[in-house]
1. Residues being farther than 30 Å from residue 255 by Cβ and open to solvent by 60 Å² or more (accessible area, probe 1.4 Å): count how many of those fall in the range 328-368.
2. Within the range 433-447, which residues are open to solvent by 10 Å² or more (accessible area, probe 1.4 Å) and within 19 Å of the chain's Cα centre (by Cα)?
3. Can you pull out the residues in the range 244-253 that are touching a Ser or Thr at 6+ places or on another chain (Cβ under 9 Å) and at pLDDT 80 or above?
4. Being of a type outside the set (Lys, Arg), modelled with pLDDT under 75, open to solvent by 30 Å² or more (accessible area, probe 1.4 Å) and in contact with a helix residue (DSSP H, G or I) (Cβ under 9 Å, 6 or more places away or on another chain), is that true of even one residue in the range 42-59?
5. Give 135, 117 a once-over and let me know the one that is part of a helix (DSSP H, G or I), among the β-branched types (Val, Ile, Thr) and at pLDDT below 85.
6. Identify, from the list 158, 127, 154, the residue that is over 23 Å from residue 313 (Cα atoms) and open to solvent by less than 10 Å² (accessible area, probe 1.4 Å).
7. Taking the condition open to solvent by 20 Å² or more (accessible area, probe 1.4 Å), in contact with a Ser or Thr (Cβ under 9 Å, 6 or more places away or on another chain) and either among the polar types (S, T, N, Q) or not in a helix (DSSP H, G or I) (or both), does residue 455 pass?
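The values are calculated or read from the model by the stated rules, or taken from the named source; none is laboratory data. Values in this document were obtained by computation on a predicted structure and should not be read as measured data. Positions of Cβ are generated from backbone atoms using ideal geometry, with glycine treated the same way; all protein chains shown enter the neighbour counts. We work out accessible area using only protein heavy atoms, side chains counted, and drop any ligands, DNA or RNA first. Shrake-Rupley method; radii C 1.70, N 1.55, O 1.52, S 1.80 Å.
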Amino acid sequence: MTTARTDLLNETESARTTTDQGEQIEFAQAHGPFTTYRRTVLLARPADADAQIVERTHYRLRIPWFNWLFGLPVRGVIARRIKAQGWWSPPDQLDPTQVLVIGLLAAASMSAAFVNTIFTQTVGFAADDFGISETAKGDAGSIVRAGIVFALPAAVVADRIGRRKVLVIVAWLAPVLTALGALAPSFVVLVATQTIGRPMGIALAFVIGVVAAEEVPKNSRAYAISVLAMAAGLGAGIAVMSLGLADLGPGGWRYVYLIALIWCFVAFDLMRRLPETRRFTAEAERVDRPRRPPRLDRKRFALLATVAFAGNVFIAPASFFQNTYLEDIRGFDGGMIGLFSILVGTPAGIGLIVGGRFADRRGRRGLIMVALPLSTLSIVAAFMVGGAALWAFALLGGILGSAVYPAMTVYRTELFPTANRTRATGFVTASALIGGIGGLSLTGRLIDGGWTYGSTMALLAIGQFIVTILVVAAYPETAHRELESLNPEDESLVPGMV
């Protein structure tokens, strides 16, 4: 038996036969992402002066929704037998189930991001339509974020009945409830619909993160988060690109909410093909599983909740008021805002790729220590200047912020055991939303009180520097460690699963 390795798979010799043309060797996949794989090598007889080695590879790769994106890179690896790691490939070799799950989760991330973005992107147009002040807009953003209470039951239930069931339910509810915003007769009703719909998108997002953490190998968790974040960026980009509809008239923003219904196709696919995570299945089958979930590690939870709160004091207002700033201060219309978001936001995918790979290979804390303060300073600067400098600072802040995102986000799922991982992630997310509520409320009042956008963002940026200090001083390094080694409660849960 012989084996060979590329960055995608290990293969093993499965058969060796002699034919009229020469000796034929067949290789099968020992471990890798393909649902079917067979490589045949024909060695012509030595007496044949024109002898050549003829190689054929037949394979099938199943990546839901994104097969078109990875088809050519995979073909290149197979054709050239590349052994070096591709920039697009995970640090670990994945199996077919893990590839299937990541593809489905990426599609679900698009849905979650669209739902979580749409109110932020359209609130300025809706407020103008209904004659709402800046303070009222800030309060509306706070109210919608307070709707996180509607997402918390999903976090608790997912630890009891499974990630798959909850994820499918919220994947249906998120687009349907969000689309009700198109029918809102008043700003109050619009806020009410999104206060219920947006939390379903939030629940979808944090359950996605838990499923990804539980399914991918130890050296690829940040990579998986970066892939899902790129897909989420595409979903948010669809919401942004839809803003051109807002220019159709006073009520044009309503059409953007109707587009939410396209994500029902994703919900249907999740219902058909998404499996339960192997770690949750093993946890559910434990003979000694307690009737009640274990208590959260208070020290870890307090640390992560504080970081989430402090960070979102800045992140939420910077995102929420960006379009208002561009419209009111820089004179952008809906189409120009959409163009700005695409041209500035799309290159941020570079940060996600580099950041996810760096966090998995070199560690999370060093990346956060350097990139988080720099991204914050860049974003603050973007609220102080116009012209080319505005575009440049926004671009730099977006790339650096995206680089930090996988490292920061993956901690929420790594530091809690399987029995309460979703619950902990949900409550940490709630803490982030509470921080965002405070930041939004404060921002609206400061701006109505005469503060500039730049000075307001500079004040709120203190939260990001608190985050940097806490991460460097108190967070453990989790790169290259199994979830079971990080959580002693799970040490014998799924031995050798990944």
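1. Selection size over the range 328-368: 6.
2. Passing the criteria: only 433.
3. 253
4. There is no residue in the range 42-59 that is of a type outside the set (Lys, Arg), modelled with pLDDT under 75, open to solvent by 30 Å² or more (accessible area, probe 1.4 Å) and in contact with a helix residue (DSSP H, G or I) (Cβ under 9 Å, 6 or more places away or on another chain).
5. After applying the criteria, what remains is 135.
6. Among 158, 127, 154, only 158 is over 23 Å from residue 313 (Cα atoms) and open to solvent by less than 10 Å² (accessible area, probe 1.4 Å).
7. Considered against the rule, which asks whether it is open to solvent by 20 Å² or more (accessible area, probe 1.4 Å), in contact with a Ser or Thr (Cβ under 9 Å, 6 or more places away or on another chain) and either among the polar types (S, T, N, Q) or not in a helix (DSSP H, G or I) (or both), residue 455 comes out as no.
Here's the yes/no breakdown for (1) more than 19 Å from the chain's Cα centre (by Cα); (2) without any contact (Cβ under 8 Å) to a residue 12 or more places away in the chain; (3) open to solvent by less than 40 Å² (accessible area, probe 1.4 Å); (4) under 21 Å from residue 176 (Cβ atoms):
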position: 230; (1), (2), (3), (4): no, no, no, no
position: 236; (1), (2), (3), (4): no, no, yes, yes
position: 239; (1), (2), (3), (4): no, no, yes, yes
position: 244; (1), (2), (3), (4): yes, no, yes, no
position: 247; (1), (2), (3), (4): yes, no, no, no
position: 252; (1), (2), (3), (4): yes, no, yes, no
position: 257; (1), (2), (3), (4): yes, no, yes, yes
position: 261; (1), (2), (3), (4): yes, no, no, yes
position: 268; (1), (2), (3), (4): yes, yes, no, yes
